[in-house]
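> Let me begin by handing over the structure; questions about it come next.
The values are calculated or read from the model by the stated rules, or taken from the named source; none is laboratory data. From a predicted model like this one, the values you see are computed outputs, not experimental measurements. Every residue, glycine among them, receives a Cβ derived from its backbone with ideal geometry; neighbour counts consider all protein chains shown.
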Amino acid sequence: MPPSPTTLPPRIKDCPSSGTGVHKWIYHAACTLDKAGFADADIDEWVGEHSTRALQPGEVRNALKSIRNSSGETRPRWPFPNPIDTKRIANLGGGMDALVDSSMVECANAGEALQQLFEGDPLLCCGLDSREFATMPLSRWNKSLLARFQFIVPSPMSDKWGETQAGKRSQHTLSNTGPRHYLVVEFDEGTHDSHASIIQYLAFHAPLCMAVDSGGKSIHAWFDVRERSEAAARKFFQLACQLGADPATWTKSQFVRMPQGRRANGNLQKIIHFNPPKYAPF
């Protein structure tokens, strides 16, 4: 049974007053509830009850359609976070110090990191931002230029071009994303120390190859799932979601932070832990 939206994820903010961003709020609320596994009818009902203006006919349904077309993927139903387990594991871990100290390899730049994470000369999709991106073989990417990029798809692409669900040709789509190489886990709530402790706990369940300080409020942890079936990868990600991970990064084509890249505000997306596949403990 899908969950009931009587208890809501904390990241849904109150709806702003009419004329100050209600449409954007509707999209965000629908997206959050959809990721969490709520039924369409429940999403429609909840958004209507909490909106500060009357909804237009089909407004929520259209938002859901847009969300699903943008990824091209039907998401699994992810569990809600278990705050008791999350707090216990966060308190037991060694925090940022332990995560940094367990790193086995130093990495100075994005190009070097990608060469160690990906074998051969795969097609990689990298983005200056969410609108400016390209897919090219690793050997063709200017290694110094990558330091300016914000985003990367954490798995090789199967082709340079793909097609969105809306029928548009693009170099960043689910249809041209190849087999899953890495699952990236990110947490929205809590401190860097609590995130680091949970990441180290998850490393007992899948090889942790890299952790990147997003330059904001989170850490992006790259787990190697190349040798796992999709069902096994899903089981691992369910555990991560139970501990507060953002379900959005399950989508194979989802952009994550470029290691040693920079955010739009100039903040460095620093690698704080690096054990590429040949160094990973298992």
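> For Ser175, state whether it is on the phi < 0 side of the Ramachandran plot, of a type in the set (Ser, Thr, Tyr), in contact with a strand residue (DSSP E or B) (Cβ under 6 Å, 6 or more places away or on another chain) and surrounded by fewer than 18 Cβ atoms within 10 Å (Cβ to Cβ).
yes
Conditions tested, residue by residue: (1) β-branched (Val, Ile, Thr); (2) under 14 Å from Ile271 (Cβ atoms); (3) out of contact with any Pro (no Cβ under 8 Å at 6 or more places or on another chain); (4) at pLDDT below 95.
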position: Leu114; (1), (2), (3), (4): no, yes, no, no
position: Ala134; (1), (2), (3), (4): no, no, yes, no
position: Trp161; (1), (2), (3), (4): no, no, yes, no
position: Gln165; (1), (2), (3), (4): no, no, yes, yes
position: Arg169; (1), (2), (3), (4): no, no, yes, yes
position: Thr173; (1), (2), (3), (4): yes, no, yes, yes
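> Hey, among the residues in the range 123-148 that are in contact (Cβ under 8 Å) with a residue 40 or more places away in the chain and in a loop (DSSP other than H, G, I, E, B), which one's surrounded by the fewest Cβ atoms within 10 Å (Cβ to Cβ)?
That would be Ser130.
> When His195 is evaluated against the numbered criteria (1) under 15 Å from the mean Cα position of the chain (by Cα); (2) under 15 Å from Pro154 (Cβ atoms); (3) not in a loop (DSSP other than H, G, I, E, B), which criterion, by number, is the only one it fails?
(2)
> Could I ask something else about it? Given Gly58, Gly120, Gly48, Gly37, which one is outside the structural domain of Thr251 (by TED's automatic domain parsing), on the phi > 0 side of the Ramachandran plot and more than 21 Å from the chain's Cα centre (by Cα)?
Working: Gly120 fails: outside the structural domain of Thr251 (by TED's automatic domain parsing); Gly48 fails: on the phi > 0 side of the Ramachandran plot; Gly37 fails: more than 21 Å from the chain's Cα centre (by Cα).
Gly58 is the lone residue from the list that is outside the structural domain of Thr251 (by TED's automatic domain parsing), on the phi > 0 side of the Ramachandran plot and more than 21 Å from the chain's Cα centre (by Cα).
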